[in-house]
1. Scan region 27-46 residue by residue and report those that are surrounded by fewer than 23 Cβ atoms within 10 Å (Cβ to Cβ) and either under 11 Å from the mean Cα position of the chain (by Cα) or under 17 Å from LEU84 (Cβ atoms) (or both).
2. Being surrounded by fewer than 20 Cβ atoms within 10 Å (Cβ to Cβ), touching a Gly at 6+ places or on another chain (Cβ under 8 Å) and of a type outside the set (Asp, Glu) is the filter here; which residues of region 124-155 pass it?
3. Select, from GLY158, GLY170, the only residue that is under 20 Å from PRO115 (Cα atoms), modelled with pLDDT under 95 and surrounded by fewer than 20 Cβ atoms within 10 Å (Cβ to Cβ).
4. Please pick out the residue among GLU105, GLU54, GLU66 that is within 22 Å of ASP26 (Cβ to Cβ) and either touching a strand residue (DSSP E or B) at 6+ places or on another chain (Cβ under 8 Å) or surrounded by fewer than 16 Cβ atoms within 10 Å (Cβ to Cβ) (or both).
5. Please tell me if GLU94 is part of a helix (DSSP H, G or I) and in contact with a Pro (Cβ under 6 Å, 6 or more places away or on another chain).
6. Can you tell which of ARG49, ARG65, ARG79 is within 12 Å of the chain's Cα centre (by Cα) and more than 20 Å from GLN156 (Cα to Cα)?
7. Confirm whether LEU124 is in contact with a strand residue (DSSP E or B) (Cβ under 7 Å, 6 or more places away or on another chain) and more than 24 Å from ASP28 (Cα to Cα).
Amino acid sequence: MTPLGHRRLILTRHAKSSWEEPGQADHDRPLNDRGRRSARALGDWLASRGYEPEEVLCSTAARTRETWERVAIAPLEVRPHLRLEPGLYQASPERIMDILRSAREPTVMLLGHNPGIAEFAASLPARPLLDPEFRRYPTAATLVVDFQIDQWSELQPGQGSVLDFVRMDGRD
């Protein structure tokens with residue numbers, strides 16, 4: 001939970017997806033075994049640090065939905081409201097911002113895709129992250145960032161205070 005006048009974003013790129021079915025539509029690709037393990041590990045990592053979303057904004061793509069399902073297996077104290085957002089699939093940073101500004105709860109997890117999510121993540125912190133993987137935002141990468149705002153509609157780039165950045169999948 002975040003205090004009054006604060007908002008917390010848990011920004012996650014989906015875990016590693018499968019390419020086993022060559023003709024499968026991109027939107028329908030599920031996670032591969034590594035992605036399933038990484039998503040589960042991410043859920044455990046979030047729970048161990050008390051980073052528990054109250055609302056989840058998730059792309060409708062199979063790999064983002066499956067990432068959330070694996071993350072949600074972790075022993076979270078609160079079951080967040082899940083909002084599937086078609087507009088997050090292949091979204092630009094501007095579209096991601098618009099969708100996030102419609103969030104209602106103080107602590108939000110947003111699950112999306114590159115390249116938009118990497119560009120969006122880079123726009124949020126007041127100070128740039130030094131992690132060399134941050135700009136690439138590999139699969140299952142997650143940024144936890146706080147904002148000194150009362151409502152998500154007030155969110156502007158460059159306002160965030162980074163709490164954590166983690167990569168669960170390693171190189172991909």
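The values are calculated or read from the model by the stated rules, or taken from the named source; none is laboratory data. All figures in this text were calculated on a predicted structure; none of them were measured in a lab. We place every Cβ from the backbone using ideal geometry, glycine too, and count neighbours over all the protein chains shown.
1. Matches in region 27-46: HIS27, ASP28, ARG29, PRO30.
2. PRO125, ALA126, PRO138, GLN148, ILE149 - these are the residues of region 124-155 that are surrounded by fewer than 20 Cβ atoms within 10 Å (Cβ to Cβ), touching a Gly at 6+ places or on another chain (Cβ under 8 Å) and of a type outside the set (Asp, Glu).
3. GLY170 is the lone residue from the list that is under 20 Å from PRO115 (Cα atoms), modelled with pLDDT under 95 and surrounded by fewer than 20 Cβ atoms within 10 Å (Cβ to Cβ).
4. GLU66
5. So GLU94 fails the test.
6. ARG65
7. The answer is yes for LEU124.
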